[in-house]
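In what follows, a structure is listed as C-alpha cells, so that the remarks can point back to it.
Bear in mind that the values in this text are calculations on the coordinates, not laboratory data. From a predicted model like this one, the values you see are computed outputs, not experimental measurements. FYI the Cβ positions are ideal-geometry reconstructions off the backbone, even for glycines, and counts take in every protein chain you see.
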Amino acid sequence: MRSLLLAWLAVACSSEPPPRAPPREAQSYGEAVRMMCEVDALAGVDPADPLDAEAKRADYLVEHVKNSDGIYLLTLFRTSDPRGQASLLEEAARETRCSSCPLLAALRSSATDDGAPASAAAPAAVKP
C-alpha cells in the first residue's frame, strides 16, 4: 500500500500542469491594421509637417496597437523607409480586407516626393 502511495505521489508531483490556452487578445489583427491605416485622423496628424506627422503616428501607434501580430507589423513598419512601409501596409490591409487606407496614400505620396517613380503613387484603395 505504501509503495502504491509513493508511486502515485511521484507521478502526481512530477507531471507538468496542462498547458494554458493563450490569453485572448483585446484587439484583433484587423483592428490593429485599420488603426494603422487611419492613424492620421486618430492622432490629429498635420500632413503639412512631415517630421511632426511621423512622430505623432509613432507615438499613437505604440500606445494603441495591442495585438501581438499588430505589434510585430508595427515594429517592421517603423524600421522601414516609406516605400517599405507602403508595401507592408498594403499587404496587411489586403490580408485583413481593409478596403481604404489613408496612410497608404500618404506613404505612396511621400515615396513619390522623395524621388521614387511616379508609378509608386497609386490610389489609396487596396488592391484585392
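Inside the range 73-110, residues that are over 15 Å from E31 (Cα atoms), assigned to a helix (DSSP H, G or I), within 16 Å of the chain's Cα centre (by Cα) and among the small types (G, A, S) make up a count of 3. When the range 26-69 is limited to residues that are within 22 Å of R94 (Cα to Cα) and among the basic types (K, R), the one that is surrounded by the fewest Cβ atoms within 10 Å (Cβ to Cβ) turns out to be K66.
Entry remark, the range 48-66: residues being farther than 11 Å from M35 by Cα and in contact with a helix residue (DSSP H, G or I) (Cβ under 6 Å, 6 or more places away or on another chain) number 1 in total.
If only residues of the range 71-105 that are of a type in the set (A, V, I, L, M) and over 14 Å from L61 (Cβ atoms) are counted, the one that is surrounded by the fewest Cβ atoms within 10 Å (Cβ to Cβ) is A105.
For the range 56-76, the condition holds for no residue, the condition being that it is closer than 26 Å to P23 by Cα and either touching a strand residue (DSSP E or B) at 6+ places or on another chain (Cβ under 8 Å) or touching a residue at least 60 places away in the same chain (Cβ under 8 Å) (or both).
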